[in-house]
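First the structure, in the form of structure tokens, and then the observations on it.
Nothing in this text is a laboratory measurement; each read-out follows from the coordinates by a stated rule. Remember, it's a predicted structure, so these values are computed and weren't measured experimentally. Here the Cβ positions follow ideal geometry from the backbone for every residue, glycine too, while neighbour counts run over all protein chains shown.
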Amino acid sequence: MSDSRDDFIIAIRFALLKKGVKQKFSLSFLILFSISIIFFDKFSIPPVSFVKNIISDIVYRAAVIAVVPGKAIMYVGSQTKKHLTIYSENIALKKEISLLKKDQLDASFLKTENENLKLVLGLEKDQITERDTVTIARVMIDQISPYLKSLLINKGTKHEIIKGMTVFSKNYLIGTVIETNYLSSRVLIITDLNSKIPSIIEGTDVNVILAGNGNKNDFTLDYLPEGFVLEPNKIIYTSGKDGFLKAGMPVAETYLNKKNELKIKSLADPQQASIVHIVRGQF
């Protein structure tokens, strides 16, 4: 019984002292009222107990209702914060989508421009695909003699290797396929005495033939115009005059040796090649 009385008193105090509830009763009235409740509760008079229970329910309900506005304000604040967060994320996503659409349009434009350039240059799609196909091979034998230079690789007709295909090492031209077997092929290195590559000298329109001489540091230039002065540090590119090798592939460069003599050396080192790339035309 004392527990219920304590709960009742606490409920009344909570309801009357709750922030925002107007206190209509004076302190003296509350004291007298509390004493009366305690007195009647001690004797457990049924009508008084009934009235006390009703008042307790009313006070409890009032306390619950008094808390509702605070919870509602907290809920609205939380939802507003979530809404603002989602709104900010939405703006950021819209910007990102806009940038992605712009990049997609740029890529589409570049693709169309590339296709148009291919048409202007007369390069058909099947030719481009064929030339872009790269076959990787391993060097099995490096046959070296004073003037004859060739490599034996482990790819042949089974791997669609045919005569005339171009061989690269570390992105530089080192030779062409001159003989094919089912599982192997022979590559003529550009330093070989029989290697003749139509070329053009950097910064000029002079067409020459880059000829091998058995040494990667000692090429010769055939059909060099009379009176033409060859300068050091000039790159020698393929000219494409043979109708197979594409123009613009760097092959060799001019340099000054220790005796201050002008020489021509290969950009690649065919003798150090262990893995090569075989393509049709240009790497």
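Sorting 136-142, 183-189 by average packing, meaning the other beta carbons within 10 Å per residue, from highest down gives 183-189, 136-142. Rounded to the nearest 20, the size of the Cβ-charge dipole of region 134-283 about its Cα centre is 500 debye, with Lys and Arg at +1 and Asp and Glu at -1.
Packing order of peptides 151-158, 172-179, highest average first: 172-179, 151-158 (average count of other Cβ atoms within 10 Å over each peptide's residues). Summarised in one figure, the compactness ratio Rg/Rh of region 134-283, Cα atoms and Kirkwood Rh, is 0.98. Can you give the net charge of the other residues whose Cβ lies under 14 Å from the Cβ of residue 139, counting K and R as +1 and D and E as -1? Net local charge, residue 139 excluded: +3.
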